[in-house]
Structure formats: structure tokens, C-alpha cells
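Before we start, here is the structure in question, set down as C-alpha cells.
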Amino acid sequence: MLVLGIDPGTAICGYGFVEQNGSRLRAHAYGAITTPSKMAVEKRLLKIHTELASLIQTYSPDAMGVEQLFFNRNVTTAIPVGQARGIVLLAAAQNNIPIVERTPLQVKQSVTGYGKATKEQVIYMVTKLLNLPAPPHPDDTADALAIAISAAHCVDSIAWRNRM
């Protein structure tokens, strides 16, 4: 099963494709879609959609993990992140990809075993779990891979329960 994890954002939209085969996890591709801050909002969203659609066509994921919006510090970033998240959900719907929504706490719990893990701990575990040669950069990419790992565990457990 191939899962695409997305850490939505308008400036940086992290993505990561993780294949789960039994208990083995392997990163297929990962990176970030970036847009310049001076670009018009509608053009930024179009760029995210176009690049994400291309990635989906290239890799054909079986599911998509997306981080749920959670803002306890900077509420002003909620609107742009929400707009990017809408673009991500639209791309999934256009390609009939099931969505697995994960909270930041669920992602951290799934990847590190501790729901209040630090960003550094998440990056370390993503690097180890996927046997990457170096920590993914930028942090949004590591977050996207963590979301993909968490979503893969969730999809796998749902599929297992449905077999019973």
C-alpha cells in the first residue's frame, strides 16, 4: 500500500510517499511544494494543486494522510493553511483517493510513541523508521512523512478490522 502524507501550507506544502508492506515502511519520494510569498494567493494555490496533481498521477497512492487543522498559537495562519488544505482535499477527491485525517497528537503518538514529542524527536524517528540517509528537509517534509506513516498504520488497522 502506498500512502501520500501531506503537511498543508501555502508557502511550503510538504509531501511524502510511504509504502507499507507488512510491517516494513519505505519512502518512495518526498519533498515540498514551495511558493513565493509575493505570488498572488490564487496563483500559489494553483501551483500547489498543479504540482500535487502531477505527483498523484506519477505515484498513484492508495490513500492520503492529511493533518487536521489545529491552532493554539498563531490563529492568523489558519486561513492560508486551511486554503492549502482545501486544495489538497480537492486533489484527493478528483483522484478518488481515500483521506485519513490525523491530528498532530495522533501523528506524534504513531511515529514516536509519545503524543507530545518534539519536532526533533519526530524527525529522528521518521529518519530511522524509513531508513533515510539523512533527516528530511525542510521540516514540513519530515512532517508529511510522519503523517504518511501514521495514516498507513491507521489504514492498515482499518483494513485488518474489516477482514474479521
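Placing unit charges on C-beta atoms (Lys and Arg positive, Asp and Glu negative, everything else neutral), compute the dipole magnitude of region 70-147 about its Cα centre in debye, rounded to 20.
That gives a dipole near 180 debye.
Which one, 54, 64, 123, projects farthest toward the positive side of the charge dipole computed for the chain from Cβ point charges (K/R +1, D/E -1)?
Working it through, the farthest residue towards the positive pole turns out to be 123.
According to a simple spin-label model (label point 7 Å from Cα along Cα-to-Cβ), what is the distance in nm between residue 124 and residue 54?
Each label point is offset 7 Å from its Cα along the Cβ direction, giving 3.7 nm.
If you don't mind, there's one more thing I want to ask. Charges at C-beta only: +1 for Lys and Arg, -1 for Asp and Glu. How large is the resulting dipole of the chain about its Cα centre, in Debye rounded to 20?
Working: 15 positive and 12 negative charges, 36 e Å.
That gives the chain a dipole magnitude of about 180 debye.
Where Rh is the Kirkwood radius over the Cα pairs of region 92-137, the temperature 10 °C and the viscosity 1.306 mPa s, what D in µm²/s does Stokes-Einstein return? List each step's numbers first, then the result.
Values: Rh = 11.9 Å.
Stokes-Einstein gives a translational diffusion coefficient of 133 µm²/s.
Which of rounded, prolate, oblate describes the chain, given a ≥ b ≥ c as roots of the alpha-carbon gyration tensor eigenvalues and a/c under 1.5 marking rounded, otherwise prolate only if a/b is larger than b/c? Don't jump to the answer; show the numbers that get you there.
Details: a/c = 1.56, a/b = 1.30, b/c = 1.20.
Here the chain falls in the prolate category.
While we're looking at this one, here's another question. Using the Cβ atoms and a cut-off under 13 Å, what net charge is assigned to the surroundings of residue 6, where Lys and Arg are +1 and Asp and Glu are -1?
-4
Sticking with this one: Which one, 32, 104, 92, is farthest towards the positive end of the dipole of the chain when Lys and Arg carry +1 and Asp and Glu -1 on their Cβ?
Among 32, 104, 92, the one farthest towards the positive end of the dipole of the chain is 104.
Now, a different point. With a 10 Å radius around each residue's Cβ, average the other Cβ atoms per peptide and rank 22-33, 103-114, highest first.
The peptides rank, most packed first, as 103-114, 22-33.
So, one more: I want to verify a result. In a Gaussian network model of the chain, Cα cutoff 10 Å, which of these has the top mean-square fluctuation: 125, 64, 39?
Of 125, 64, 39, the most mobile in the Gaussian network model is 39.
Cut-off 10 angstrom, C-alpha nodes, Gaussian network model of the chain. Which of 77, 141, 35 fluctuates the most?
77
Taking H as built 1.01 Å from N, whose amide H comes closer than 5 Å to the amide H of residue 65, not counting residues under 5 places away?
Amide H neighbours of residue 65: 4, 5, 6, 100.
Where does region 1-42 land on the Kirkwood hydrodynamic radius, alpha-carbon pairs, in angstrom? Walk me through the numbers before you get to the answer.
Values: mean 1/r = 0.0859 Å⁻¹.
Computed over region 1-42, the radius equals 11.6 Å.
Tell me, in nm to one decimal, what length is gained between residue 62 and residue 26 on full extension, where the rule is 0.36 nm per residue of separation less the Cα-Cα distance? Don't skip to the answer; put the middle values down first.
Working: separation 36, 0.36 × 36 = 12.96 nm, distance 1.47 nm.
11.5 nm is the gain from fully extending residue 62 to residue 26.
Every number in this text was worked out from the coordinates using simple rules, so none of it is lab data. Just so it is clear, the structure is predicted and the values come from calculations on it, not from any experiment. Counting neighbours? That spans all protein chains shown, and the Cβs are built from the backbone with ideal geometry, glycine included.
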